[in-house]
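The values are calculated or read from the model by the stated rules, or taken from the named source; none is laboratory data. Quick caveat: nothing in here was measured; it's all calculated off a predicted structure. Cβ placement follows ideal geometry from the backbone for every residue including glycine, while neighbour counts extend to all protein chains displayed. To get the accessible areas, we keep the full protein, side chains included, count just its heavy atoms, and leave off ligands, DNA and RNA. Shrake-Rupley method; radii C 1.70, N 1.55, O 1.52, S 1.80 Å.
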Amino acid sequence: MSNPAFAFDHVHLISPAPKAAAEWYVEMFGAVIKRESETRGAPQIFVEIGGMTVIIRGQRPGEEPSDPKPVTQYKDYSSHNEWGTDHFGFMYKGDLASFCKELRGKGVTFPVELKNFNGNTLCYVAAPDGVSIELMQC
């Protein structure tokens, strides 16, 4: 049994254009901007998606974040692995193929196209700032 003292709270992203990144999540995933604030001299935007919070913040004074690594087409996802956060994922309740077609029409790219993997239908979406998001059909 997992430790009941823990509950998932948020994913925190750093973006050179936090407002544009937050609007991407709203447009592509139907997210809702719940709150905008400024913390330590940088904007912070709280975006809610499926009961999960994604905090997108901008550059703080004196900070020099490195450029994001590009999300590229993976020929074989099992060959893609890097230290640190690889991706975060959402379970999609509905027809994932239709949703992916809708996203593609909005210009979204897929480093991993829709496929069956270990009995699950999934794909990976390239989000702003080098973020990779897995979508899995439930």
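Mind checking whether some residue in the range 96-111 is in a loop (DSSP other than H, G, I, E, B) and open to solvent by 70 Å² or more (accessible area, probe 1.4 Å)? There is at least one residue in the range 96-111 that is in a loop (DSSP other than H, G, I, E, B) and open to solvent by 70 Å² or more (accessible area, probe 1.4 Å). For the range 23-69, the strands (runs of 3 or more DSSP E) that sit wholly inside it and include 1 or more residues that are of a type in the set (Asp, Glu) and loosely packed, with under 13 Cβ neighbours inside 10 Å are 32-39. Between a first residue in the range 85-97 that is within 18 Å of Val131 (Cβ to Cβ) and a second residue that is open to solvent by 60 Å² or more (accessible area, probe 1.4 Å), which pairs have beta carbons less than 9 Å apart while being 6 or more apart in sequence or on different chains? Filtered contacts from the range 85-97: Phe90/Gly50; Met91/Gly50; Met91/Gln137; Met91/Cys138; Tyr92/Gly50; Tyr92/Gln137; Tyr92/Cys138.
Considering the range 107-138, and only residues there that are touching an Asp or Glu at 6+ places or on another chain (Cβ under 7 Å) and not hydroxyl-bearing (Ser, Thr, Tyr), the residue that is nearest to Glu23 (Cα to Cα) turns out to be Cys123.
Residues that are hydrophobic (A, V, I, L, M, F, W, C) and more than 24 Å from Ala7 (Cα to Cα) within the range 27-55 comprise Met28, Ala42, listed in sequence order.
Within the range 1-22, the set of residues being among the aliphatic types (A, V, I, L, M) and surrounded by 13 or more Cβ atoms within 10 Å (Cβ to Cβ) comprises Val11, Leu13, Ile14, Ala17, Ala21, Ala22. Count of the range 20-30 residues, restricted to those that are farther than 14 Å from Val125 by Cβ and in contact with a strand residue (DSSP E or B) (Cβ under 7 Å, 6 or more places away or on another chain), is 2. Is one or more of the residues making up the range 2-14 in contact with a His (Cβ under 9 Å, 6 or more places away or on another chain), in contact (Cβ under 8 Å) with a residue 24 or more places away in the chain and of a type in the set (D, E, K, R)? No: the range 2-14 contains no residue that is in contact with a His (Cβ under 9 Å, 6 or more places away or on another chain), in contact (Cβ under 8 Å) with a residue 24 or more places away in the chain and of a type in the set (D, E, K, R).
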